[in-house]
Amino acid sequence: MTDALEPSVHVTPLTETHRELGARLIEFGGWLMPVQYGSIIEEHRTVRERVGLFDLSHMGELYVEGPDAGPALAAALVTDPPSLAVGRAHYSMICAPDGGVIDDLIVYRLGEARFLVVANAGNAAVVSDALAERLKGFRAVLDDRSLATGLLAVQGPRAREVLAPLTDVDLSSLRYYAAAEGTVAGIDALVARTGYTGEDGFEVFVETSRTAGLWDVLLDAVRAADGLPVGLGARDTLRLEAGMPLYGNELDRDTTPYEAGLGRVVKLGKAGDFVGRAALEKVARDGPSRRLAGLVVEGRGIARHGHPVWSGERRTGVVTSGTQSPTLGVPIAMAYVAPGDAEPGTVVDIEIREARVAARVVALPFYRRNP
């Protein structure tokens, strides 16, 4: 990670705005992004207690349209997009033939034959290429609008209060994992009730050229509600408390959805074949060779990505993500361990700076917001 802008690094429409706000910028997923504006802990707690504003314009937006758009996506992904009602969304994955996760995605059904697939920034080009290949033979076209789309997120208990006066979308009737087209601050937008923080919130998709204007309006409204702009640092601690996987940590090409505890996402009962079906059927039948577990560290030290996990003298796995939880006040981590060591209540050791520190397996998520 670096503060220097390399020629190959993308910038969002808000890069200069982030600089003016005093943000520390880093390269993330091929984009120059704000990791924090002030204190990561303060930004984290602001989202948990009030409301925060995120620039997510680095994410990939891939539109799939045509008479066969639904069946094409069903053949390309592990979920069943044709089963979505118009205006609804679901969490999905695109897998390789061996069942490894190429990326985790959100799929929105915007019309009978129109879908939006949102991919992680660092994988957007890979997903776009894979979808283009998998759509061959179907009456469906892919329109990669990643660079033409800005994405802002308003997250936290006061998110609806902040956004409602600015939009003609009825937020009170917009369900979780649903989306509606309308306007926000007079700007044409797609408003989705989705997020990556474990809190209620909304993601707003607009044309790139309208992103800066929308940010200014939303930031004024967020600040009026005692909120803050929030960077990727707090986004990471928020998603970890909520037990949400991060591609490159909990998910990668060597990991199947079943190992990650996300087998429910794989729709083996849907009609027709899809890429990775045979491999995933085998894992579903035989069981995964490792499982993702939540850990609460009971000794001194904070577990970090790559730290070994031990069960007695047997190395059982490795930490994928870890932090000091600002909400819970204890060190937490996620790790892949042997299936027998993944049951809640199991005590393992994490190797931190050559010392072994006790940790207890707990059910995920670590934090769940009040309804």
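The values are calculated or read from the model by the stated rules, or taken from the named source; none is laboratory data. Given the structure is predicted, the values throughout are model-derived calculations rather than measurements. Cβ sites come from the backbone with ideal geometry, for glycine too, and all protein chains shown count toward neighbours. These accessible areas exclude ligands, DNA and RNA; they are computed on the full protein's heavy atoms, side chains included. Shrake-Rupley method; radii C 1.70, N 1.55, O 1.52, S 1.80 Å.
Observations
- Among (1) within 19 Å of Gly150 (Cα to Cα); (2) open to solvent by 50 Å² or more (accessible area, probe 1.4 Å); (3) in contact (Cβ under 8 Å) with a residue 12 or more places away in the chain, the one test that Val204 misses: (2)
- Among residues of segment 255-271 that are over 12 Å from Met93 (Cβ atoms), those with a Cβ under 9 angstrom from a residue that is among the small types (Gly, Ala, Ser) and surrounded by 23 or more Cβ atoms within 10 Å (Cβ to Cβ), sequence gap 6+ or separate chain, pair up as Gly261/Ala293.
- Scanning segment 186-193 for any residue that is touching a Phe, Trp or Tyr at 6+ places or on another chain (Cβ under 8 Å) and either closer than 17 Å to Val47 by Cα or free of Cβ contacts under 8 Å to residues at least 12 places away in the same chain (or both) turns up at least one such residue.
- When segment 284-309 is filtered for residues that are assigned to a strand (DSSP E or B) and either of a type in the set (Asp, Glu) or closer than 14 Å to Arg360 by Cβ (or both), the ones remaining, listed by number, are Ala293, Gly294, Leu295, Val296, Val297, Val309.
- Complete set of residues in segment 186-207 that are more than 16 Å from the chain's Cα centre (by Cα) and closer than 20 Å to Arg88 by Cβ: Ala189, Leu190, Val191
- Among (1) outside the structural domain of Thr237 (by TED's automatic domain parsing); (2) buried (at least 21 other Cβ atoms within 10 Å of the Cβ), the one test that Leu53 misses: (1)
Conditions tested, residue by residue: (1) in a strand (DSSP E or B); (2) out of contact with any helix residue (DSSP H, G or I) (no Cβ under 9 Å at 6 or more places or on another chain).
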{"residue": "Glu181", "(1), (2)": "yes, yes"}
{"residue": "Asp188", "(1), (2)": "yes, no"}
{"residue": "Val191", "(1), (2)": "yes, no"}
{"residue": "Thr194", "(1), (2)": "no, yes"}
{"residue": "Thr197", "(1), (2)": "no, no"}
{"residue": "Glu203", "(1), (2)": "yes, yes"}
{"residue": "Arg210", "(1), (2)": "no, yes"}
{"residue": "Gly213", "(1), (2)": "no, yes"}
{"residue": "Asp220", "(1), (2)": "no, yes"}
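- Among the residues of this structure, Leu328 does not count as one that is within 30 Å of Val127 (Cα to Cα) and either part of a loop (DSSP other than H, G, I, E, B) or open to solvent by less than 40 Å² (accessible area, probe 1.4 Å) (or both).
- Options Leu147, Leu142, Leu131; residue that is under 30 Å from Pro13 (Cβ atoms), part of a loop (DSSP other than H, G, I, E, B), out of contact with any Asp or Glu (no Cβ under 8 Å at 6 or more places or on another chain) and touching a residue at least 60 places away in the same chain (Cβ under 8 Å): Leu147
- For segment 244-253, the count of residues that are over 28 Å from Asp144 (Cα atoms) and either open to solvent by 10 Å² or more (accessible area, probe 1.4 Å) or not in a helix (DSSP H, G or I) (or both) is zero.
- Odd one out for Gly156 among (1) under 22 Å from Gly87 (Cβ atoms); (2) in contact with a strand residue (DSSP E or B) (Cβ under 6 Å, 6 or more places away or on another chain); (3) among the small types (Gly, Ala, Ser); (4) not assigned by TED's automatic domain parsing to the domain that holds Ala75: (1)
- Here is the figure for segment 162-178: residues that are outside any loop (DSSP other than H, G, I, E, B), under 11 Å from Phe202 (Cα atoms) and open to solvent by 40 Å² or more (accessible area, probe 1.4 Å) total 1.
- Residue check, Ala89 of a type outside the set (Asp, Glu), over 17 Å from the mean Cα position of the chain (by Cα) and outside the structural domain of Ala225 (by TED's automatic domain parsing): no
- Counting the residues of segment 204-229 that are among the hydroxyl-bearing types (Ser, Thr, Tyr) and within 20 Å of Val35 (Cα to Cα) gives 1.
- Hey, Val126 part of a strand (DSSP E or B), open to solvent by less than 70 Å² (accessible area, probe 1.4 Å), among the β-branched types (Val, Ile, Thr) and touching a residue at least 12 places away in the same chain (Cβ under 8 Å) or not: no
- Figure legend. Inter-residue proximity from segment 335-361: first residues over 16 Å from Arg300 (Cα atoms) and assigned by TED's automatic domain parsing to the domain that holds Gly317, second residues of a type in the set (Phe, Trp, Tyr) and open to solvent by less than 30 Å² (accessible area, probe 1.4 Å), beta-carbon distance below 9 Å, spacing 6+ or different chains. Indicated pairs: Ala342/Tyr336.
- Qualifying positions in segment 345-366 - over 18 Å from Ala260 (Cα atoms), part of a loop (DSSP other than H, G, I, E, B) and open to solvent by 50 Å² or more (accessible area, probe 1.4 Å): Arg353, Glu354
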